[in-house]
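Have a look at the structure below, then the notes.
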Amino acid sequence: QVQLVESGGGLVQAGGSLRLSCAASGRTFSSYAMGWFRQAPGKEREFVATISWGGEEIYYADAVRGRFTISRDNAKNTVYLQMNTLKPEDTAVYYCAARTAARYYYPTEYDYWGQGTQVTVSS
């Protein structure tokens, strides 16, 4: 079992930045690839970014590539999402998730989820 707790969300103006953190506890964090998803009101949960257990493989959704950066610190059992140049369309609840599956794009590939943190970008 892995417990995930997100933090760092909030209200920011368009063009601003936020850094989300996801702290993990329980089973060996470094065994899991990690991902960030987001869900806006009335929309399905969508993939944002993922990072392999060792950090060598990183993938981003087209909508965030070049603006968001995912990273992890296995010594601190934490994964991060640095979000720059935020846009109103980035407004959503952001979730971190852990997986052992090789595929990363769909929520069903992930075994554990955090409770989410709200990010609101004002125009």
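The values are calculated or read from the model by the stated rules, or taken from the named source; none is laboratory data. Values in this document were obtained by computation on a predicted structure and should not be read as measured data. Note that each Cβ is placed from the backbone with ideal geometry, even for glycine, and that neighbours are counted across all protein chains shown. For the accessible areas, the whole protein counts, side chains as well, though only heavy atoms, and no ligand, DNA or RNA atoms are used. Shrake-Rupley method; radii C 1.70, N 1.55, O 1.52, S 1.80 Å.
Out of THR50, GLY10, VAL93, whose Cα points farthest toward the positive end of the dipole of the chain (charges: +1 Lys, Arg; -1 Asp, Glu; placed on Cβ)? Looking along the dipole axis, the top candidate is GLY10.
Once the 1.4 Å probe is applied to the protein heavy atoms, the chain comes out at 52 Å² accessible per residue.
Only protein heavy atoms count here; on that basis, with a 1.4 Å probe, ASP73 has an accessible area of about 50 Å². A dipole drawn for the chain from +1 and -1 charges on Cβ atoms has a positive end, and of TYR106, LEU20, PHE68 the residue lying farthest that way is LEU20.
The listed residues LYS87, LYS43 rank as LYS43, LYS87 when sorted by accessible area, largest first, using a 1.4 Å probe. Residue-wise HN-Hα couplings along region 43-49, as the Karplus relation 6.51 cos²θ - 1.76 cosθ + 1.60 with θ = phi - 60° gives them from phi, are 10, 6, 5, 10, 5, 10, 6 Hz; Gly and Pro carry x. Of the solvent-accessible surface of region 5-123, computed with a 1.4 Å probe and all protein chains present, 48% belongs to carbon and sulfur. Taking region 4-38 and a reference point 7 angstrom along Cα→Cβ of GLU46, the backbone N atoms nearer than 18 Å belong to 14-15, 35-38.
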